[in-house]
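The values are calculated or read from the model by the stated rules, or taken from the named source; none is laboratory data. What you see is a predicted model; the values in this text were computed from it and never measured. Note that each Cβ is placed from the backbone with ideal geometry, even for glycine, and that neighbours are counted across all protein chains shown. The area values use the complete protein model at the heavy-atom level, side chains included, leaving out ligands, DNA and RNA. Shrake-Rupley method; radii C 1.70, N 1.55, O 1.52, S 1.80 Å.
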Amino acid sequence: MNIPKSTLPRIVIIGGGFAGIALARELRDKKVQVVLIDRHNYHNFQPLMYQVATGGLEAGSIAYPLRKVIHDFPDCYFRLAQVKEIDVTARKIISDIGELTYDYLVIATGSRTNFFGNREIERNAMSMKTISQSLNIRSLILENFEQAVLATDPAERACLMNFCIVGGGPTGVELAGALAEMKKAILQKDYPDLDISKMQINLIQSGDRILNTMSEKSSAAADRYLSALGVVIHKNIRVQHYDGKTITTNTATTFDTSTVIWTAGVMGANLRGLPAGSLTPNGDRIKVDGFSQVIGFENIMAIGDIAVMESEKYPVGHPMMAQPAMQQGLHLGRNILRKISGTPMVEFEYNDKGSMAVIGRNKAVVDLPKFHFHGFFAWLVWIFVHLFSLIGFRNKAVVFMNWVYSYINFDREGRLIIRPFKRKSFTAFTTDEV
């Protein structure tokens, strides 16, 4: 990989997501050599990908070059590569551009879409874990309406205008709300020769309420907001099959649709090489101790979505969200420095700052540790938090100006089919792998 030799400890970070960047920043100006590896050359702000998928933002406004993140970090290097395997005996990683030894290895590979082993759904449904997939969804949505204009068969037109989102978590709820606002304010102007009132937006949830990781108060508010926007919420329904045209479920309910967007779950994007004893039973995530050390190793750590740190409060690990990942990255940076200097490490404690979801214009729900609120103020809080969390002043400014423009004009400028979407043949692994 052409990394200069150094007398300083080499820390290799696999993954440039929230956890990996937080760790790299914490190690800045310290007496260590840092190598950051990712298969993309940018950091992707995943909480706003649904806005790329629905034309609210362009992809460049939620992505930030990883080299720019670390360009002024001394003795810090980035390599564009896909890591294939870890050789724990030789203390090296094996990638598509070569091998690299490490003194400390940090796995921050994040997560990928979980289809729960259903290959048919994986082949025919859309995922939204990468920017490329978000752009594919945007293209498919717009292509559907272009085809619907030409369709002479009412059943075919109805299928093209029926959108089914599987999974009632924050991503599914936010995407459903964004589609509903497109239907309400934009699509009827773009397609005056279509009866946009026939457009259907179905949100399918296997449990008895949406946003089931949030408070019941927030869940009920989100339910009301979506219903008012025209989204049909189906609860206690589990999707079993989707052949590209028809969804069949565990009930008598079926859906004829050409578009299924799968937001029903994620799983760890694990790497080969770690022993089974260091992994969760299904092998997709890595078990770590309170110091983020992989079970069975002292020089290999894991943070973010890929890591499972069991505790009394979090028996199945921390939520697979940005906040735990960033906090683990910062904390691990300090612990690695303590370890190098020979001082005792400190166990990680997650500071739960709350969770939130936006449903649409002036509508959001926010759960803080001691308060739950929704409506216009929650929407303002959501805007502030997401703007503050974006990397780079330009991205903050561009996103803010886009939101102001959209709010004033009831419009979304990103309704462009830059690259027509074509379904690819199924392969064993989807494109959202690390």
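Among the residues of segment 365-379, are any among the basic types (K, R), closer than 20 Å to M326 by Cα and at pLDDT below 95? Within segment 365-379, not a single residue is among the basic types (K, R), closer than 20 Å to M326 by Cα and at pLDDT below 95.
Can we say R123 is in contact (Cβ under 8 Å) with a residue 60 or more places away in the chain and either over 28 Å from Y64 (Cα atoms) or in contact with a Leu (Cβ under 7 Å, 6 or more places away or on another chain) (or both)? Spelling it out, R123 is indeed in contact (Cβ under 8 Å) with a residue 60 or more places away in the chain and either over 28 Å from Y64 (Cα atoms) or in contact with a Leu (Cβ under 7 Å, 6 or more places away or on another chain) (or both). On the stretch given as segment 1-24, residues that are surrounded by 17 or more Cβ atoms within 10 Å (Cβ to Cβ) and either in contact with a Lys or Arg (Cβ under 7 Å, 6 or more places away or on another chain) or not in a strand (DSSP E or B) (or both) total 11. Cβ separations smaller than 8 Å between residues 6+ apart or across chains give the following pairs from segment 179-208 residues that are in contact (Cβ under 8 Å) with a residue 40 or more places away in the chain to residues that are among the acidic types (D, E) and not in a helix (DSSP H, G or I): A185/D411; I186/D411.
Quick grid of which residues meet (1) out of contact with any Leu (no Cβ under 7 Å at 6 or more places or on another chain); (2) loosely packed, with under 14 Cβ neighbours inside 10 Å; (3) farther than 27 Å from G230 by Cα; (4) not hydrophobic (A, V, I, L, M, F, W, C):
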| position | (1), (2), (3), (4) |
| --- | --- |
| D352 | yes, no, yes, yes |
| V358 | yes, no, no, no |
| F373 | yes, no, no, no |
| K396 | no, no, yes, yes |
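Just one residue in the set L48, L23, L27 is touching a residue at least 40 places away in the same chain (Cβ under 8 Å), over 16 Å from M301 (Cβ atoms) and of a type in the set (A, V, I, L, M, F, W, C); that residue is L48.
Considered as a group, the residues in segment 82-93 that are assigned to a strand (DSSP E or B) and in contact (Cβ under 8 Å) with a residue 60 or more places away in the chain include one that is farthest from the chain's Cα centre (by Cα), and that residue is D87. Of the strands (runs of 3 or more DSSP E) entirely within segment 304-383, those holding at least 1 residues that are touching a residue at least 24 places away in the same chain (Cβ under 8 Å) and under 25 Å from N282 (Cα atoms) occupy 307-309. If you check G117 against the conditions, is it at pLDDT below 95, of a type outside the set (A, V, I, L, M) and more than 30 Å from L23 (Cβ to Cβ)? So G117 fits the description; yes. When segment 266-286 is filtered for residues that are closer than 19 Å to H318 by Cα, of a type outside the set (K, R) and open to solvent by 20 Å² or more (accessible area, probe 1.4 Å), the ones remaining, listed by number, are V266, M267, N270, L279, T280, P281, N282, G283. Within this structure, V34 passes the test of being modelled with pLDDT of 95 or more, β-branched (V, I, T) and over 17 Å from S389 (Cα atoms).
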